Amino acid sequence: MAPLDSARRRQGNRSRRLAVLLTTLVAALVTMPGVAVAAPAAQQLAAADQALLDGVRLAGLWEMPAGQMAAEKGQSQVVREVGAEIARQHEELDRITVDAANKLGAVVPNSPTAEQQGWLTEMKDSNGARFDQIFVTRLRVAHGKIFPVIGAVRASTRNEVIRDLANSANSFVGDHMRMLEATGLVRYAELPPAALPAPGNDGLLAAASANTGPQIGVSNTLIWAIFIGALGTGGFLTYRMFRRN
């Protein structure tokens with residue numbers, strides 16, 4: 001019976017050695033660089049995302065009453081129709097904007113800026129053809145300013161709610177510019193020029209240029225190779241140590 005006991009003891013020792021070796025390997029894998037998965041941090045609303053919320057909300061706060069004024073006191077039929085439709089669409093866009101802000105826990109303005117209130121006063125104090133011209137000019141310039149902002153935020157935002165808002169705003173603003181232009185009162189020569197970034201200064205091109213220069217540091221591939229090599233050596237030495245014992 002002694003040989004049987006010895007065989008069982010040897011088998012038990014081998015099992016314990018294998019268990020220790022496996023434990024060592026598992027522990028090493030858990031601490032391996034890049035393997036641990038951290039819980040995602042709460043996403044903070046970016047400044048550009050908040051700027052889009054504020055800009056679209058402010059546009060609605062003054063363009064809704066401006067459109068209502070145009071619907072009531074516009075001299076031409078087309079201006080009255082355009083004003084009524086812009087007011088209706090801005091009411092819908094404002095609801096979308098407020099819903100987005102509520103989903104994100106963001107605070108948005110509740111009244112037009114002093115400049116926008118001045119535009120509304122200017123319209124209240126005008127009549128006839130002068131009113132039509134002021135209405136079309138003010139709204140077309142305002143839409144032209146926010147249009148590129150919507151595109152820029154849409155292209156770069158990481159936030160799905162903001163992305164959906166930008167899609168909606170882009171559609172509405174594009175329609176409004178076309179309606180205003182259909183009045184025949186847009187003075188294109190007086191529109192502010194587009195503000196374009198200098199060539200090569202946008203984020204993607206700058207990042208690409210930065211990656212073409214000499215890189216300092218150790219690649220991930222080399223780190224993994226060194227780590228795996230050390231892991232294999234440690235496992236083999238552990239196995240040899242237990243085998244001698």
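Against the conditions (1) closer than 21 Å to Glu72 by Cβ; (2) open to solvent by less than 30 Å² (accessible area, probe 1.4 Å), where does Ile150 fall short? Just the number, please.
The single condition Ile150 does not satisfy is (1).
Gln11 fails exactly one of the following numbered conditions: (1) surrounded by 11 or more Cβ atoms within 10 Å (Cβ to Cβ); (2) modelled with pLDDT of 50 or more. What is the number of that condition?
Just one mismatch for Gln11, condition (1).
Which numbered condition in (1) open to solvent by 20 Å² or more (accessible area, probe 1.4 Å); (2) among the small types (Gly, Ala, Ser); (3) farther than 26 Å from Ala194 by Cα is the only one that Ser156 fails?
Only one criterion in (1) open to solvent by 20 Å² or more (accessible area, probe 1.4 Å); (2) among the small types (Gly, Ala, Ser); (3) farther than 26 Å from Ala194 by Cα is unmet by Ser156, namely (3).
Among (1) touching a residue at least 40 places away in the same chain (Cβ under 8 Å); (2) touching a helix residue (DSSP H, G or I) at 6+ places or on another chain (Cβ under 6 Å); (3) not polar (S, T, N, Q), where does Arg80 come up short?
(1)
What do you reckon, is Gln68 touching an Asp or Glu at 6+ places or on another chain (Cβ under 6 Å), open to solvent by 10 Å² or more (accessible area, probe 1.4 Å) and over 17 Å from Arg178 (Cα atoms)?
Working: touching an Asp or Glu at 6+ places or on another chain (Cβ under 6 Å): no; open to solvent by 10 Å² or more (accessible area, probe 1.4 Å): yes; over 17 Å from Arg178 (Cα atoms): yes.
Taking the combined requirement at face value, the residue does not satisfy it.
Taking Val107, is it surrounded by 14 or more Cβ atoms within 10 Å (Cβ to Cβ) and β-branched (Val, Ile, Thr)? Break it down stepwise before answering.
Numbers: surrounded by 14 or more Cβ atoms within 10 Å (Cβ to Cβ): no; β-branched (Val, Ile, Thr): yes.
In short, no.
The values are calculated or read from the model by the stated rules, or taken from the named source; none is laboratory data. Being a predicted model, the structure only gives us computed values, none of them experimental. Backbone-built Cβ (ideal geometry, glycine too); neighbour counts: all protein chains shown. Only protein heavy atoms, including side chains, enter the accessible area calculation; ligands, DNA and RNA are left aside. Shrake-Rupley method; radii C 1.70, N 1.55, O 1.52, S 1.80 Å.
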